[in-house]
1. So how do TRP112, TRP205 line up by other beta-carbon neighbours within 10 Å, fewest first?
2. Using the structure shown, select from LYS79/LYS109; LYS154/LYS175; LYS153/LYS175; LYS113/LYS153 the pairs with a Cα to Cα distance greater than 22 angstrom.
Amino acid sequence: MAFWTPSILLFVCCLPFLTADDIDGFVQDDTCMNMLKDFANSSAAFTFCAVSHARPILICQECVSSYLEVVEVYDDITKLESTAGHKCESELVNLDRLQVFNQGYNYIKTLWKNALCDNCFIKDRATGNPTIQLTDLVVEILNASTVYGECVKKYRNATAKPDLLVCEKCIDSYKNINDIYVKNKGSVELCMDVVDLMNNTRNEWSDDIGCCKDRRKPEMTLILTATGVGVLPFIFYLLTYFLTTKKVHAVIERKRWNGASNGASKSPDIQVSPPENT
């Protein structure tokens, strides 16, 4: 959410350009001017709502009405003609050198799109815009989250970590919401409200409460696998060293004289006589 903050502040700073009194001097038609003010007010309301529900992220659920109002006013402005053949949109855009009208609307649309908020709601088939009715999947996740939250609140001991009582009593409700999310996240792109809800739930369960049995199994499997792969070469070398039969080469002594085999005569024995006494 940090990357939204500068854009939100910039947009809020630009809102006075839409509501300034000197615009009345440029826009002659009262209907166009009134709609411009409506757009400024609805844009400001949505921006305030988005900032207020940035943590935890509840922009989609809490700001959908403000968003739909912005879209409705913008559509009315782009379609309404102040006089025959003269639309309010061209009058407002041509006189708005900063393009605050279009940029303000584009900012809101981009924020809504980045949060994937359309995926939270059932769409209006006629307009393609979201309604205020949540999809069945989102309702199911929110209901499961409520059950889990009530369980934690009932048994929580803030001084205990891990809180074994919560781990025991609330494991089923935690697994239920986690299983629903894991089962559907691959096939359905969930809105940021739901994604943030699940991230907070998992962090609470594993970090704050200290119940992380669902994560221990994959981690232990990974550790054991890595250890096994690392140890295998050493086991292989040890087995090779101890089980391989050592071949002993016979040492053949080479005789200096091989007269018998090559036909050479042996050298005669030389007798040395002691010297005679004189």
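What follows draws every value from the coordinates through simple rules; no lab data is involved. None of the values given here were measured: they were computed from a predicted structure. Don't worry about glycine lacking a Cβ; one is built from the backbone with ideal geometry, like all the others, and counts go over all protein chains shown.
1. Listed from fewest to most nearby Cβ atoms, that is TRP112, TRP205.
2. Numbers: LYS79/LYS109 18 Å; LYS154/LYS175 17 Å; LYS153/LYS175 17 Å; LYS113/LYS153 34 Å.
Going by Cα-Cα distance, LYS113/LYS153 fall outside the 22 Å limit.
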